[in-house]
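Down below is the structure, laid out as structure tokens.
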Amino acid sequence: MRPYFFASVIIVLSSAVAPASQAQRVTVDRQGRVAFADATRGRIWRLDPSGGLSSFHVGPHLSVLVAVGDWLDVLAYQIPDQMRWIWRRVLPDGRITEVNRPTPIPMTGKGLVAADSLGNLYFLSLTELLRLAPDASVRVWVRPVSTSSASAGAFGPDGSLYVLDSNSVVRMTRGEPAGSMTAVAGTLAPGVADGAGTAARFDQPMGVAVDSAANLYVADYGNRSLRKISPTGTVTTLLHAPAGFAPTAVAVHGDAVYLLEESIRVSPNPGRQRPIFPLVADLVGTPRLLRVEAGGKTTTLVVVRGWVSIGLTAALVIGGLLLLARRLRRAR
């Protein structure tokens with residue numbers, strides 16, 4: 001167990017401080033509890049509406065976190081046997097169980113892009129979007145599809161699946177006989193620009209969510225911003241992250257948008273950032289969970305710090321300074 005796990009939890013009004021890092025997924029259950037996955041350390045953190053924060057250790061290699069009723073389903077792949085998936089469930093009382101269900105991965109898959117509240121998993125093959133049901137049956141959901149580097153996806157109120165593909169957003173709709181795929185906004189090329197459809201530009205989007213009115217919200221990591229796409233395809237920028245932070249995931253519940261941010265360091269390549277080291281993350285406080293309300297008001301709900309790690313670092317620095325001062329005195 002790493003030092004930052006022995007950290008204190010401080011709750012002040014609607015804010016909380018707790019140990020975690022590099023949140024990869026965020027979801028909201030029907031009671032309004034916001035949960036996010038700490039993929040690096042194999043933990044789930046859940047914030048209830050009163051500000052109470054709880055933590056669950058579910059194991060490494062987290063891939064999908066989805067709220068199903070009052071519990072959380074967590075999907076992780078097993079290393080080195082990457083053809084085996086582990087499905088764990090966090091119950092309302094905090095107990096963790098392993099769901100006994102077959103989860104084979106389609107051999108031609110590009111990757112897992114989404115999971116729904118019924119336990120279906122959605123994979124992209126080279127030419128198809130495949131749905132893997134809890135009984136292990138595989139069905140073509142959309143054909144044909146043509147994606148470059150598809151990642152996260154989210155379902156809209158009409159059942160369409162919105163998928164991040166490189167620096168664009170596409171819509172996949174089931175139909176007979178095979179459904180359709182259409183462009184929504186952005187292109188494969190990175191950039192930064194608001195506008196309609198392909199006139200808009202994104203840079204490394206990492207998360208997408210859809211509200212009940214079919215508005216899309218995109219965590220635009222490379223541009224360090226939260227973007228909104230209207231049902232007609234018009235892209236606007238809702239907020240910019242402060243220097244040193246970038247959004248990594250987004251969720252919607254009612255009129256509120258929940259945004260996860262993590263600390264970054266600027267890469268020598270223009271427009272590219274990379275995660276910072278865990279120790280620095282402990283010092284600056286990352287990741288952070290924000291709530292963005294309909295009127296634009298933004299509230300920081302959770303700031304993550306590793307207090308023991310910070311204390312050890314401070315002790316080492318002070319000890320080093322004392323040792324240096326002692327040697328300087330001897331040299332005189």
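Can you compute the label reach from Val192? Point 7 Å from Cα along the Cβ direction, backbone N cut-off under 13 Å, restricted to segment 228-247. Under cut-off, by backbone N: 237-247. For Gln204, nonlocal amide neighbours, meaning residues 5 or more places apart or on other chains whose placed amide H falls under 5 Å from its own, are Gly222. According to the square roots a ≥ b ≥ c of the eigenvalues of the Cα gyration tensor, what is the shape class of segment 166-238, taking rounded for a/c under 1.5, prolate for a/b larger than b/c otherwise, and oblate for the remainder? In terms of gyration-tensor shape, prolate.
If you take every residue apart from Thr300 with its C-beta less than 12 Å away from the C-beta of Thr300, what net charge results, scoring Lys and Arg +1 and Asp and Glu -1?
On the way: positive: Arg288, Arg291, Lys297; negative: Glu261.
Charge balance near Thr300 sits at +2.
Scalar couplings 3J(HN,Hα) for segment 197-213, obtained by applying the Karplus form with A = 6.51, B = -1.76, C = 1.60 to θ = phi - 60°, are x, 6, 6, 7, 9, 10, 9, 6, x, 10, x, 9, 9, 10, 8, 5, 9 Hz; x denotes Gly and Pro.
Each value in this text was obtained by applying a stated rule to the coordinates, not by laboratory testing. All values derive from a computational prediction rather than experimental measurement. Using ideal geometry, Cβ is built from the backbone for each residue, glycine included, and neighbour counts are taken over all protein chains shown.
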